[in-house]
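Some notes on the structure that comes next.
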Amino acid sequence: MAPSRIISELQVRSSRRRGWNRSDSCPCNETQPQLCCGIISPRGYSHLSRLMCTGAAPIWSSSSKEGLKMLVNAGPRAQKLVGIWAFGCSMWVFSMVVIGGVTRLTRSGLSMTDWKFTGTLPPLSEDQWLIEFGKYKQSPEYKRVNKGMSLEDFKFIYWMEYAHRMWGRGLGLVFAIPFSYFLRKGYITLRLGLRLSAIFALGAGQGLIGWWMVKSGLEEPVSEYVQPRVSPYRLAAHLTSAFVIYCGLLWTGLSVVMPEPPAVTKAWIHGAAKVQRLALPLSFLVGITAVSGAFVAGNDAGRAFNTFPKMGDTWIPDDIFSMEPFIRNFFENTSTVQLDHRILATASLLSITGMWWASKKWDLHPAVRSIISSTMGMAALQVTLGISTLLTYVPVSLGSAHQAGALTLLTLVILLNHTVRRPSLSMLKSLRSVATT
Ligand code: HEM
């Protein structure tokens with residue numbers, strides 16, 4: 001091969017490794033991509049969105065390209081792979097939370113009385129089943145709640161808990177193996193690597209928190225009238241940590257595939273900034289509502305005051321501050337915990353509706369508008385599911401649908417915040433230069 005061809009081949013390869021190819025024209029085959037990405041024309045917009053979604057980004061000049069917050073090296077294919085993997089992992093966490101909820105609602109969570117980080121095989125013979133069942137018979141839950149349970153019924157609750165734990169370990173593999181592959185291939189930037197390592201550490205910690213939670217349910221309750229159940233604080237810690245891992249993975253996946261928000265006109269950027277000011281506090285409110293839900297679940301508070309909108313015959317039960325010290329009421333008092341959850345859920349729904357109402361007058365990107373409408377629809381559905389769960393004494397089906405609903409609402413809130421981020425300086429500059437073309 002002639003030396004000049006070798007050099008040009010090497011240049012092409014190296015630019016491909018960096019994710020774009022100088023010799024490429026615009027992916028929509030326009031000769032002047034800046035004009036193709038015209039500020040108002042829908043065709044131009046779709047071109048720009050495609051660029052942002054694929055991360056190909058050749059329209060940026062060399063310096064503005066550097067300003068793009070790309071999290072993945074090595075081009076659109078690598079970006080797509082890492083994005084699919086991050087979304088896949090977040091979906092796995094979603095399913096993990098739902099399986100965890102079903103495990104709790106079927107009262108299966110305390111069936112395994114020991115824990116190993118690496119996991120163990122399930123009982124494989126009748127003798128091994130009898131040994132496991134014997135261990136369970138020593139637990140307070142068997143003695144006080146399930147006395148006389150058959151081996152068949154025990155097998156059911158054991159398999160539920162076993163599946164939940166193994167699904168979690170499966171997630172560890174699904175996360176770690178592709179992650180090391182992407183690292184070896186050099187796809188992942190330092191920033192992304194650090195972020196993913198932090199999420200991995202949280203995931204490993206989640207297993208430990210899970211066992212710390214289960215252990216509290218295996219201890220003898222303080223009084224003989226109290227049913228054995230896990231500590232509401234530990235349950236809330238376990239659920240909150242799952243939510244944080246889920247949101248972290250989702251945000252990361254979105255940042256990988258969409259390094260820049262869809263901001264094509266100045267008016268849309270201003271509109272997005274207005275939405276962002278409301279979306280941030282609102283997300284915090286939805287997050288707190290979800291955590292307060294974990295305390296409702298942890299205290300079994302959904303099996304009391306099964307009426308709505310009143311709690312029994314009153315709007316506010318008399319005993320909401322009956323515990324000492326005062327602060328305990330917010331975490332351990334059935335009435336207060338449920339009242340808080342109702343108030344926070346109502347506040348979330350009203351605030352989301354308020355944002356939807358206010359945003360009707362603003363000039364917004366169509367994607368932002370449709371996410372706001374979906375968030376409002378989901379919040380209304382979630383409140384309906386919550387009320388139905390309460391009125392029907394928390395059946396497994398509605399209880400788990402309500403939990404999945406909370407995650408779906410969080411997903412939309414995360415998507416909204418991600419979509420209305422401030423564009424990077426280089427993108428703003430680029431828009432300005434396109435506007436003056
Ligand atoms: C924005 C609205 C809401 C959100 C984000 C939300 C979130 C949650 C979450 C995350 C849980 C814990 C689920 C679990 O660990 O199994 C929960 C439990 C619960 N929520 Fe809500 N909730 C909302 C509205 C409501 C409303 C309006 C009610 C009824 C008045 C309600 C009633 C309940 C009940 C009874 C439980 C306990 C279910 C169980 O024991 O599994 N929720 N909620």
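Out of A347, S335, P325, whose Cα points farthest toward the positive end of the dipole of segment 317-361 (charges: +1 Lys, Arg; -1 Asp, Glu; placed on Cβ)? Comparing the listed Cα positions along the dipole, A347 ranks first. Among all the lysines, which ones have a C-alpha under 20 Å from K135's C-alpha, if same-chain residues fewer than 8 places away are not counted? Straight-distance partners of K135: K116, K143, K147, K155, K215. For segment 261-437, lysine pairs separated by 8 or more sequence positions, or belonging to different chains, with Cα-Cα distances below 13 Å total 4. For segment 367-437, a/c is not less than 1.5, where a ≥ b ≥ c are the root eigenvalues of the C-alpha gyration tensor, and a/b tops b/c. That puts it in the prolate class.
For segment 71-183, a simple Cβ point-charge model (Lys and Arg +1, Asp and Glu -1, everything else neutral) yields a dipole of about 340 debye relative to the Cα centre. Put in order of Cβ neighbour count within 10 Å, fewest first, the listed residues E260, E219, E161 become E219, E161, E260. Oblate is the label for segment 224-292, because the ratio a/c of its alpha-carbon gyration tensor axes (a ≥ b ≥ c) is 1.5 or higher and a/b is not greater than b/c. Once C-alpha pairs closer than 8 Å and six or more residues apart are averaged by separation and normalised to the residue number of segment 139-233, the relative contact order reads 41 percent. This model, with +1 at the C-beta of Lys and Arg and -1 at the C-beta of Asp and Glu, gives segment 75-259 a dipole about its Cα centre of some 780 debye. Per-residue extension of 0.36 nm, minus the Cα-Cα distance of S374 and L124, leaves a gain of 85.3 nm for this segment. Taking Cα centre as origin and charging only the Cβ of basic (Lys, Arg, +1) and acidic (Asp, Glu, -1) residues, the dipole magnitude of segment 261-437 rounds to 1300 debye. Candidates A163, T240, S255 compared by Cα position along the dipole of segment 160-277: farthest toward the positive end lies S255, with charges placed on Cβ. Highest mean first, the peptides 425-431, 173-179 sorted by other C-beta atoms within 10 Å per residue fall in the order 425-431, 173-179.
Here L285, L390 are placed in order of increasing Cβ neighbour count within 10 Å, fewest first, which gives L285, L390.
Between T314, P281, G298, the Cα set farthest toward the positive side of the dipole of segment 261-437 (charges on each charged residue's Cβ, about the Cα centre) is that of P281.
Here the scattering of segment 140-255 is modelled by Debye summation over its C-alpha atoms, one equal scatterer each and no solvent; at q = 0.21 Å⁻¹ the log10 of I(q)/I(0) is -1.20. Sort out for me the Cα centre separation of segment 195-259 from segment 281-319, rounded to whole Å. The distance from the Cα centre of segment 195-259 to that of segment 281-319 comes to 20 Å. Cβ-to-Cβ counts within 10 Å put Y181, Y246 in ascending order as Y181, Y246, the fewest first.
Here, each number is a calculation from the coordinates, and none is a lab measurement. If you're wondering where the values come from, they're calculated on a predicted model, not measured in any experiment. Don't worry about glycine lacking a Cβ; one is built from the backbone with ideal geometry, like all the others, and counts go over all protein chains shown.
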